[in-house]
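First the structure, in the form of structure tokens, and then the observations on it.
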Amino acid sequence: MPGLPADFQAFHQLYRGAYVRWAELYLGSRHDAEEAVDHAFEQLCVQWPLVLRQPVAEAYAWKVVKHRTIDFARARGRRPVLVDFAAFETHTLHTAIDPIGALEDSLALYQAIRALPERQRDVVVLRYSLDYSTAETARTLGITEAGVRSTARYARRRLRQELGLLEEGDDDARLEG
């Protein structure tokens, strides 16, 4: 990428892979994911001075990537496949004694994930669907590692409540077990 600012090139190299992995999960196609992320990076390049003035450039870039990916899906009249197909891709489903029961459980889980607030959903998808470490998730979202841990804790609690696995009055210490 000759002619582009060195810091933009470094940012691109550092984050493009993570963004493409997320977009591929969302769109269901590596090619589409790469195209959507490339469009996002084109926007980020044009806005690079603005990006650098943001309190957290990574958080701003993450929003641009998400919006470009969502716009990409909408422009093609497609729904996100993140929730639609994730349940079918689980190892548990393929090895389950009761595949129908496992499918129902998976669908309930993914519906509950889709209902999470945006930040919680992002953390859950990156941490548990894409298996990012706490540090990778924090870097990708532009938040602190403590923020990732806290958000994940609240998301797990909310998912347990939504799925009927948590009784009122259960404390957070039991959730971590």
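What residue, of 80, 49, 2, is surrounded by fewer than 18 Cβ atoms within 10 Å (Cβ to Cβ) and at pLDDT 85 or above?
That would be 49, the only listed residue that is surrounded by fewer than 18 Cβ atoms within 10 Å (Cβ to Cβ) and at pLDDT 85 or above.
So in region 126-156, with the set limited to residues that are among the basic types (Lys, Arg) and crowded, with 16+ Cβ neighbours inside 10 Å, which one is farthest from residue 111 (Cα to Cα)?
Looking at residues that are among the basic types (Lys, Arg) and crowded, with 16+ Cβ neighbours inside 10 Å, I get 139.
Only residues that are surrounded by 15 or more Cβ atoms within 10 Å (Cβ to Cβ) and at pLDDT 90 or above: list them for region 95-125, please. Hits for region 95-125 are 116, 119, 120, 121, 122, 123, 124. One residue stands out among those in region 5-25 that are out of contact with any Phe, Trp or Tyr (no Cβ under 7 Å at 6 or more places or on another chain) and exposed (fewer than 15 other Cβ atoms within 10 Å of the Cβ): the one that is nearest to residue 121 (Cα to Cα), which is 17. When 69, 92 are checked against the criterion of being assigned to a helix (DSSP H, G or I), at pLDDT 90 or above and hydroxyl-bearing (Ser, Thr, Tyr), a single residue qualifies: 69.
When region 26-46 is limited to residues that are touching a Pro at 6+ places or on another chain (Cβ under 9 Å) and within 12 Å of residue 70 (Cα to Cα), the one that is surrounded by the fewest Cβ atoms within 10 Å (Cβ to Cβ) turns out to be 26. At pLDDT 95 or above, among the small types (Gly, Ala, Ser) and crowded, with 19+ Cβ neighbours inside 10 Å: is that true of residue 61 in this structure? Yes.
Taking region 113-153 as the region of interest, how many residues are of a type in the set (A, V, I, L, M, F, W, C) and touching a residue at least 40 places away in the same chain (Cβ under 8 Å)?
Let us first name the residues in region 113-153 that are of a type in the set (A, V, I, L, M, F, W, C), namely 113, 115-116, 123-126, 130, 135, 138, 141, 143, 146, 148, 152.
Pick out the ones that are also touching a residue at least 40 places away in the same chain (Cβ under 8 Å) and you get 113, 115-116, 125-126, 130, 141, 143.
Matching residues across region 113-153 total 8.
Pick out, from region 4-64, the helices (runs of 4 or more DSSP H) lying fully within it that include 1 or more residues that are within 27 Å of residue 128 (Cβ to Cβ) and among the acidic types (Asp, Glu).
In region 4-64, 6-27, 30-46 are the helices (runs of 4 or more DSSP H) which contain 1 or more residues that are within 27 Å of residue 128 (Cβ to Cβ) and among the acidic types (Asp, Glu).
The values are calculated or read from the model by the stated rules, or taken from the named source; none is laboratory data. Predicted, not measured: the structure shown is a model, and the values here were computed from it. Don't worry about glycine lacking a Cβ; one is built from the backbone with ideal geometry, like all the others, and counts go over all protein chains shown.
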